[in-house]
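Q: Here it is, the structure, as structure tokens.
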Number of protein chains: 4
Amino acid sequence: APLLCFEDYRGAAQERVAAEIWDFVDGGADTERTVTANRRAFARAEIRPRALVDTEVCDTRTAILGSTLGTPLAVAPTAYHRLVHPEGEVATAQGAGAADALYTVSIFASRTLEDIAASASGPLWLQLYWLRQREAMVTLIDRAAAAGYRALVLTVDIPRMGRRLRDMRNGFAVGPDCAAVNLDAALMASAHLRGAGKSALAVHTAQTIDPSVTWADLAWLRERSDLPLVLKGILTAEDARLAVSYGADAIIVSNHGGRQLDGAVPSLTALPEVVAAVAGACPVMVDGGVRSGGDAFAALALGAQAVFLGRPVLWGLAVGGAAGVAGLLDLATGELAHTMALAGRPGLDLIDRSAVRFEQYGERMEP
Amino acid sequence: APLLCFEDYRGAAQERVAAEIWDFVDGGADTERTVTANRRAFARAEIRPRALVDTEVCDTRTAILGSTLGTPLAVAPTAYHRLVHPEGEVATAQGAGAADALYTVSIFASRTLEDIAASASGPLWLQLYWLRQREAMVTLIDRAAAAGYRALVLTVDIPRMGRRLRDMRNGFAVGPDCAAVNLDAALMASAHLRGAGKSALAVHTAQTIDPSVTWADLAWLRERSDLPLVLKGILTAEDARLAVSYGADAIIVSNHGGRQLDGAVPSLTALPEVVAAVAGACPVMVDGGVRSGGDAFAALALGAQAVFLGRPVLWGLAVGGAAGVAGLLDLATGELAHTMALAGRPGLDLIDRSAVRFEQYGERMEP
Amino acid sequence: APLLCFEDYRGAAQERVAAEIWDFVDGGADTERTVTANRRAFARAEIRPRALVDTEVCDTRTAILGSTLGTPLAVAPTAYHRLVHPEGEVATAQGAGAADALYTVSIFASRTLEDIAASASGPLWLQLYWLRQREAMVTLIDRAAAAGYRALVLTVDIPRMGRRLRDMRNGFAVGPDCAAVNLDAALMASAHLRGAGKSALAVHTAQTIDPSVTWADLAWLRERSDLPLVLKGILTAEDARLAVSYGADAIIVSNHGGRQLDGAVPSLTALPEVVAAVAGACPVMVDGGVRSGGDAFAALALGAQAVFLGRPVLWGLAVGGAAGVAGLLDLATGELAHTMALAGRPGLDLIDRSAVRFEQYGERMEP
Amino acid sequence: APLLCFEDYRGAAQERVAAEIWDFVDGGADTERTVTANRRAFARAEIRPRALVDTEVCDTRTAILGSTLGTPLAVAPTAYHRLVHPEGEVATAQGAGAADALYTVSIFASRTLEDIAASASGPLWLQLYWLRQREAMVTLIDRAAAAGYRALVLTVDIPRMGRRLRDMRNGFAVGPDCAAVNLDAALMASAHLRGAGKSALAVHTAQTIDPSVTWADLAWLRERSDLPLVLKGILTAEDARLAVSYGADAIIVSNHGGRQLDGAVPSLTALPEVVAAVAGACPVMVDGGVRSGGDAFAALALGAQAVFLGRPVLWGLAVGGAAGVAGLLDLATGELAHTMALAGRPGLDLIDRSAVRFEQYGERMEP
Ligand SMILES: Cc1cc2nc3c(=O)[nH]c(=O)nc-3n(C[C@H](O)[C@H](O)[C@H](O)COP(=O)(O)O)c2cc1C
Ligand SMILES: Cc1cc2nc3c(=O)[nH]c(=O)nc-3n(C[C@H](O)[C@H](O)[C@H](O)COP(=O)(O)O)c2cc1C
Ligand SMILES: Cc1cc2nc3c(=O)[nH]c(=O)nc-3n(C[C@H](O)[C@H](O)[C@H](O)COP(=O)(O)O)c2cc1C
Ligand SMILES: Cc1cc2nc3c(=O)[nH]c(=O)nc-3n(C[C@H](O)[C@H](O)[C@H](O)COP(=O)(O)O)c2cc1C
């Protein structure tokens, strides 16, 4: 069957992946209401198309933190790609490169940073959690710089892991065929230990990630690397202002795809307040619930400079390895260009705030 | 079974038409959410009826761009009528004439402009897409004028064709029994070539329609014809103002029935801002999701001077040829007159803004 | 099974009544969206209860146009009660009397005005449609006055009959066992003639009711009777002001239970604008979608002085004749008293605007 | 199966409890729309999480009316615990103590106040209804003081019992194995008498509870006890102001879990107006529809100082006696601490109004 939309990839991926892996990928925290809310926010964004604009060429090229890209659609950091495809992150990097898209590698990648870099033809960023063992972070940062990674993305929404009930019911642990190979095996051991009624990943997170980090600690990270520092997981104007004042080079508005704080504001609806608070001081990006190039268009209209895809990239990877990832990303970029054409905004800079409004009559006016 | 409402025609038509033709007629772009939103907007319009008004006679007669008509309900341009009935547009013209309704013939009509004109007893307009081959447009314009067509309708929402997933899954192409006979067969060839996972119409559109046309180009069209020029597919106040300043003689607020930009604003909710922006400088009309004379009443109250029907006319045609078209249009006009009586507005000019409001309490107040 | 709520009566009635009679009672016009909207409006009214009020006695007694009553819940005029119970309106009158409730007899009652009056122990009003044959109206008015009816209710929302598709599909006509006995058999003949695809009642209405009546004609009616004149079917502030200026003695805000203009504003949401426009000049009452004493409480809080029940009374009648009507009305009044107790408003005059608000958070604030 | 969320407890409890007991516990008044609305209000509260806050320790300890507690989650008063577990309130007290949570004992407890106190390791409050027999109240008050209860909670939303249709259909009465042992058997007799189509509890309430009590009567209660007086069942700013002026020591915003006035405002949405009206003069607490620690977080953010659980505690009790109650309370407190961590508010005092907003875009902005 042809893969004509994200939903097609989702269906094909679910057929290929074991049930508990699917639950790990698909699930969210607690009642999963933020997962749902992320989607609903996009469902309410309506596009105001302009007519009689020359859209022969719709240019999706962009530059983010100095890297030029063929598309503002980017790969969000997701752990353990070998869970869904034997080649893991190496295939993801190849696919992202083929699609000319930015790829943010997870700290819990199941291939080495160096192997991933070797297979990549486009820019890579490295995502970090703040580990209790700071030396391990330093090692990673140094390896990333050496391997040509272009930015560090610190994910700040996980002082502890969200209560992902599906994983807890499954007693989920990472199997022996897949590991976070960029960290010491000892440090990762508990992620592989099954236990009834609990998620090994939650246990591991509690042991490993430092929940006491504060804004002041960012200076320590800054001193250890010249790479630009991106903060992922900001959802309020208050924190956006702090991010700017503490020198963040960019912000990713994110609720971790509804996998951390159940009930967190949908990322699309948090985007405007963050964009307004940042007031141009640094780029603002977003992820969470993007399921088409049209969704990406809405996020761009609300002020995002790039739009990350989490689960969908894993669907592509599960379906077809590197080709699947490239296929999904190309589909998304194609849909974006298509939306730009039909919306009469052939350049990313033309997708301004007037390009979307929120559902009217019986629901709600624009903010 | 009696045909008492639009839904009855829809059901009867679906029984008569092959599945992939039905999908072509019924479908929309991508997730089809604008198809749904068009309907939902009407569902929220509430009518404020006036009492003790003499409604013995409810007059639906009107005049648009100089043509007098028995009803403000009009036939929207839709391609390839022979897909649903062997007599195609000739039957549609007869039906529209019998119902004293305006008929806008599609550039992709499957009967000649001249045959259609010969069978018509009411006014005809000709709808155009801006073809890369401008000579073909000139030929059509000249033939239309010669055959007595009274206006040109330039559809501006299709720089490329919407991603109609149903057609793509069906590998839809126009069969050999039906063709856009008013254009060169060579120009139309690709519309008939089936290909797995794609719509031949999308391929054909990409080859044939010029996506680089801008407001400035309208002057070229103007010079080639004395007929009034209507722009179809305007959805914003910004473009409405441009349309007026570039001399459009009328505007049709439309999102192409949700078949082009998925996520586009519902046409009914775009209507007020267009009406306000135009400020009486030219007539404003609307289409998209109208499924009863009561829906038409709501659109008229928001400022439309005529209300077009797309799919419903094809249902009438499929069900009963000319008689089916007339039946559907008469039903709609009858429902409109009925609504006018029960709303205490026996003339079209009495259907003012105070005649509708939008759902209150728990949803939304009037704009 | 015990009859503990309106829904219990509805279920029991549906079991007892033939399908096409049920459709006649239950149905509405066209898509029946106003039927649904009437209910939804009540579903969104939230009660703000007051505590520590002496509610030992909750007094539902009231007076309307000079008649004292045990309850503000009243019987709305509905035609042809013998369709659901052999004793027809005589039983209804007995039931209403037993419940100490006002009963408005329909012009199309299937028992004589005099028989109804003879069986009534409480006040009766007579509802009229404006007939083309004015002499017939005069006769009715005179008979009503002679029989002790206390007010005339002119229903103004039916210049023609709503398109009740269920009746049309059933080819509904009033059977030979039931007739509008207060009018000439000749005048009523067409109401009994079945025809495929149409409602005999709609045909009859078109023949009999005068759609040309205007405010100025009210003077004619006024001259023929000293009884107070109530206008039923007002839904706007504009008409409310006209009603007052033309000397109406009271207003019933009503959309005829969604049986006339499909899409009409829900009566509960029209009530506040009518109450505000009338500004105390005459009593305002309401009907449409009231399905519990709690619903009645909400209507009273928005300014209604009485609340009419249409279909529910017919359910009571179908279920148990006079006892069923009394049972339904007593249930409703009991629920109202119960709501008054729990809301801390033991008198009707204490049910003020602060007693209800409309759903907040995620939907809509109070108007 | 592991008990990972409130819903797990609910399912497990329903399996263990007889159908008519389940209906008694689960049901609400009339249409149960306030039961639903309580939940919907929480579903619309969205959390605005703060990042880079030290959440190593999330402190849920609090103090209410002088009692120190491990959690702001408390046990709401619910009658007849032996209906769901043979040990009844003694087990509940043990469970609450184990979870370091406040327990408000119902006047209709099925174990003696003294036995409950003997098994409790944490603070107890005693809930009262205002009995027609005031001597019985005095006796209870004196016994409570002697047994070390720390506050009196007067429930003010039950001048009569809500029409709980499930109980009425079941002809529900309290069985012989369970009784309100703190009151005279004679006084309680009617609560045990089954009758078709009615709830024995409603009959009993009508006989026993005084619906004529007013604010002025509070002085009588005050004179009989030195314990702090809490008013439970306030839902408006008006009554909140009266409560303060009549010297209430605290308020519990509550609609009795939707079991009293059907249609009452959801308690979460009434909370802000009460908090604003009280303006710090006394603590404000809330109950109704809380089904997770995340829900409690939202209530705390809107100004509640404690959050009570009604039905969920009975689920815990049914599932596992004291251990089940402790399990449910610990789960809730754990979820609360978890939410505090992920929301970046590690102390209860840090959960301020900015921590929640209400659903935006297409529904409603914050109040
Ligand atoms: C299976 C999976 C693993 C993830 N692992 C990480 C991770 O290691 N680091 C991180 O910052 N975010 C991680 N995320 C969150 C994503 O980066 C992203 O925020 C989220 O998936 C976006 O929402 P979406 O899946 O709806 O596109 C993960 C998400 C998923 C689905
Ligand atoms: C089968 C089909 C073919 C159409 N072909 C054309 C066309 O050739 N030119 C055009 O301007 N619009 C075309 N439209 C759009 C209609 O003119 C109109 O905008 C739309 O159908 C209105 O929405 P409705 O179908 O909900 O009434 C077509 C629509 C349908 C359903
Ligand atoms: C079967 C039926 C017959 C009715 N007949 C009349 C009538 O003869 N005159 C009239 O003014 N209204 C008539 N009505 C409308 C009622 O008076 C009332 O406006 C409506 O039923 C109120 O809505 P409810 O049914 O939801 O309570 C009728 C309604 C029904 C259901
Ligand atoms: C089975 C049951 C018995 C109750 N008994 C009492 C009671 O005796 N006294 C009282 O003040 N409230 C009583 N309540 C109401 C609770 O105190 C509380 O207000 C309500 O349950 C909160 O809603 P929730 O169940 O959604 O948490 C009872 C509730 C239930 C479910």
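Q: So for chain A, averaging the separation of alpha carbon pairs under 8 Å that are six or more residues apart and normalising by length, what relative contact order in percent results? Show your work: numbers first, answer last.
A: Numbers: 800 pairs, mean separation 96.4, N = 367.
Relative contact order comes out at 26 percent.
Q: Against the 2.2 N^0.38 Å scaling, with N counting residues, where does region C:154-299 land? I'd like the Cα-based Rg ratio to two decimal places.
A: Compared with the compact-globule rule of thumb, region C:154-299 sits at 1.17.
Q: Can I ask one more? Per q in 0.13, 0.15, 0.31, 0.33 Å⁻¹, report the Debye log10 I(q)/I(0) for region B:21-68, using one uniform scatterer on each alpha carbon and no solvent.
A: -0.70, -0.81, -1.10, -1.16
Q: Here is a further query. From the Cα trace of region C:87-202, what convex hull volume per residue do you get, rounded to a whole Å³? Let's see the in-between values first.
A: Numbers: hull volume 12.9 nm³, N = 116.
Each residue corresponds to 111 Å³ of Cα convex hull volume.
Q: Still on this structure, please answer the following. Excluding residues fewer than 8 places away in the same chain, name every one of the aspartates and glutamates whose C-alpha is closer than 12 Å to that of C:K232.
A: Straight-line reach from C:K232, under 12 Å: C:D157, C:D249, C:D287.
Q: Under a Cβ-Cβ cut-off of 14 Å, what is the net charge of the residues other than C:R222 that fall near it, where Lys and Arg count +1 and Asp and Glu count -1?
A: Overall, the nearby charge balance is -2.
Q: Which of the helices in chain B, when you take each full DSSP H run, stretch at least 15 Å along the axis at their Cα atoms and have an average Kyte-Doolittle score of -0.5 or higher?
A: B:134-147, B:267-278, B:311-342
Q: Need the C-alpha centroid separation for region B:341-359 versus region D:329-350, integer Å.
A: Here the answer is 55 Å between Cα centres.
Q: If we hang a label 7 Å off Cα along the beta carbon direction at B:E135, how far is it from the matching labels on the other copies, in nm, shortest first?
A: 8.0, 8.0, 11.4
Q: Return the long-range amide H neighbours of A:W125 (sequence gap of 5 or more, or a different chain), with a cut-off of under 5 Å between placed amide H atoms.
A: A:Y103, A:T104, A:V105, A:R150
Q: Distances from C:G197 to the same residue in each other copy, label points 7 Å out along Cα→Cβ, in nm, shortest first?
A: Between copies, matching label points for C:G197 lie 4.8, 4.8, 6.8 nm apart.
Q: Partner chain Cβ atoms within 10 Å, averaged over the residues of C:330-337 - can you pull that number for me?
A: That average works out to 1.
Q: Keeping every protein chain in place, order C:T208, A:T112 by accessible area at 1.4 Å, biggest value first, i.e. largest first.
A: On the way: C:T208 5, A:T112 40 Å².
The ranking, largest first, comes out as A:T112, C:T208.
Q: Using a 1.4 Å probe on the protein chains only, how many percent of the accessible area of region C:1-107 belongs to carbon and sulfur?
A: Working: 1770 of 3730 Å².
Using a 1.4 Å probe with all protein chains present, region C:1-107 comes out at 48 percent carbon and sulfur.
Q: Now for a different question. Alpha carbon centre of region B:70-85 versus region D:1-68: separation in Å?
A: 56 Å
Q: Taking a cut-off of 63 Å, what percent of all Cα-Cα pairs in the protein assembly as shown are separated by more than that?
A: Tail of P(r) above 63 Å: 21 percent of Cα pairs.
Q: When every alpha-carbon pair in region D:253-353 is counted, what percent end up more than 15 Å apart?
A: Taking all Cα-Cα pairs of region D:253-353, the fraction more than 15 Å apart is 63 percent.
Q: How many nm separate the modelled label positions at D:S121 and D:R194, each set 7 Å beyond the Cα in the direction of the Cβ?
A: Each label point lies 7 Å from its Cα, and together they span 4.1 nm.
Q: Among D:I158, D:Y129, D:T269, which residue has its Cα positioned farthest towards the positive end of the charge dipole of chain D, with +1 placed on the Cβ of Lys and Arg, -1 on the Cβ of Asp and Glu, and the dipole taken about the Cα centre?
A: The one lying farthest along the dipole's positive direction is D:I158.
Q: Where does each of D:R194, D:R164, D:R224, C:R291 land when they are ordered by accessible area, with a 1.4 Å probe and the largest first?
A: The ranking, largest first, comes out as D:R194, D:R224, C:R291, D:R164.
Q: Oh, and also: Can you list the residues, at least 5 places off or on another chain, whose amide H is less than 5 Å from the amide H of A:I252, using H built in the peptide plane?
A: A:L231, A:K232, A:G233, A:I234, A:M285
Q: Now for a separate question. What is the P(r) of chain C, as percent of Cα-Cα pairs per 20 Å bin from 0?
A: 31, 61, 8, 0
Q: Continuing with this model, one more query. Return the sequence-ordered ³J(HN,Hα) values of region B:346-351 in whole Hz as given by the Karplus equation 6.51 cos²θ - 1.76 cosθ + 1.60 applied to θ = phi - 60°, using x for Gly and Pro.
A: With the stated coefficients, region B:346-351 comes to x, x, 4, 5, 8, 7 Hz.
Q: Here's a follow-up. Once both labels are modelled 7 Å past Cα along the beta-carbon direction, what's the C:V203-C:E7 spacing in nm?
A: 3.9 nm
Q: Can I ask one more? What does the convex hull of the alpha-carbon atoms of region D:297-362 project to on average, in nm²?
A: Reported value for the Cα convex hull: 5.7 nm².
Q: Compute the separation of the alpha-carbon centres of region D:158-195 and region D:259-274 and state it in Å as a whole number.
A: 25 Å
Q: Provide an ascending nm list, one decimal, of label-point separations from A:T68 to the equivalent residue in each further copy; define each label point as 7 Å from Cα along Cα→Cβ.
A: Its label point is 6.6, 6.6, 9.3 nm from the equivalent points in the other copies.
Q: Per residue of C:234-241, what is the mean number of Cβ atoms on other protein chains within 10 angstrom of that residue's Cβ?
A: 4
Q: While we're here: Output the relative contact order of region A:258-367, whole-number percent, from Cα pairs under 8 angstrom with separation of 6+ residues.
A: About 23 percent, as a whole number.
Q: Let me know the volume per residue of the alpha-carbon convex hull for region A:1-124, in Å³.
A: Values: hull volume 21.3 nm³, N = 124.
Expressed per residue, the convex hull around the Cα atoms of region A:1-124 is 172 Å³.
Q: Another question about this same structure. Can you tell me the relative contact order of region D:128-260? Whole percent, Cα pairs under 8 Å, sequence separation 6 or more.
A: 31 percent
Q: With θ taken as phi - 60° and the coefficients 6.51, -1.76 and 1.60, list the Karplus ³J(HN,Hα) couplings across region B:75-82 in order, rounded to whole Hz; mark glycine and proline as x.
A: Calculated HN-Hα couplings, in order: 8, 6, x, 9, 6, 6, 5, 5 Hz.
Q: Still on this model: Averaged over D:351-358, how many beta carbons belonging to a partner chain fall within 10 Å of each residue's beta carbon?
A: So the per-residue partner count for this stretch is 2.
Q: Report the paramagnetic label zone for D:R353: residues of region D:42-56 whose backbone N is under 20 Å from a point 7 Å from Cα along the Cα-to-Cβ axis.
A: Residues D:42, D:44-50 qualify, since their backbone N sits under 20 Å from the label point.
Q: What nm value, rounded to one decimal, do you get for the distance between B:A276 and D:W220 when each label is placed 7 Å out toward the C-beta?
A: Distance between label points: 6.0 nm.
Q: Can you give the net charge of the other residues whose Cβ lies under 12 Å from the Cβ of B:Q207, counting K and R as +1 and D and E as -1?
A: Local net charge: +1.
Q: Kirkwood Rh, Cα Rg: Rg to Rh for region D:218-263?
A: 1.03
Q: Can you give me the long-range amide H partners of B:T78? Hydrogens built in the peptide plane at 1.01 Å from N, cutoff under 5 Å, separation of 5 or more residues or another chain.
A: Sorted by chain and number, the residues that satisfy this are B:S106.
Q: How large is the Rg to Rh ratio of region B:142-230 when both quantities use alpha carbon positions and Rh follows Kirkwood? Provide the component values of the computation, followed by the final result.
A: Values: Rg = 15.5 Å, Rh = 15.0 Å.
Ratio value, two decimals: 1.03.
The values are calculated or read from the model by the stated rules, or taken from the named source; none is laboratory data. The model shown is predicted, which means the values in this text are computed figures rather than measured ones. Cβ atoms come from the backbone with ideal geometry, glycine included; neighbour counts cover every protein chain shown. Quick note on the areas: whole protein, heavy atoms, side chains included, nothing else; ligands and nucleic acids left out. Shrake-Rupley method; radii C 1.70, N 1.55, O 1.52, S 1.80 Å.
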